[in-house]
Amino acid sequence: MLDDTNRFKVAEALGSWIAYTPETHKERADKAGDALLATPPPPGWRPLGPDDELLRTLLPDEEV
């Protein structure tokens, strides 16, 4: 669970990330942010790329 200081830092980072996300991807980025806040990753985690295992677990591909 995140304490208030770290929750603010995470929210600030996610807000910046979503602000720079193209409009066509904002809904997906918002879902990713919600998932990361609801299920925080372990301390020190950084995504390894779009196929990061934790991100895929939190946001499995949707059927097209």
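Observations
- Counting only Cβ charges, +1 for Lys and Arg and -1 for Asp and Glu, the dipole size of the range 4-58 around its Cα centre is about 80 debye.
- Gaussian network model of the chain, Cα within-10 Å springs - most flexible of GLY49, GLY33, GLY15: GLY49
- Per residue, the chain reaches -17000 deg cm²/dmol at 222 nm when only DSSP H runs of four or more residues are counted, each adding -39500 (n - 2.57).
- Compared with the direct C-alpha span, the chain from ASP34 to ASP4 gains 9.2 nm at full extension, assuming 0.36 nm per residue.
- Once the C-beta distance of ALA11 and ASP52 is scaled by a Förster radius of 25 Å, the resulting FRET efficiency is 0.80 to the nearest 0.05.
Throughout, read-outs are computed from the coordinates displayed, never taken from laboratory work. Because the structure is predicted, anything quoted here is derived from the model rather than measured. Neighbour counts are summed over all protein chains in view; Cβ atoms, including those assigned to glycine, are modelled from backbone coordinates with ideal geometry.
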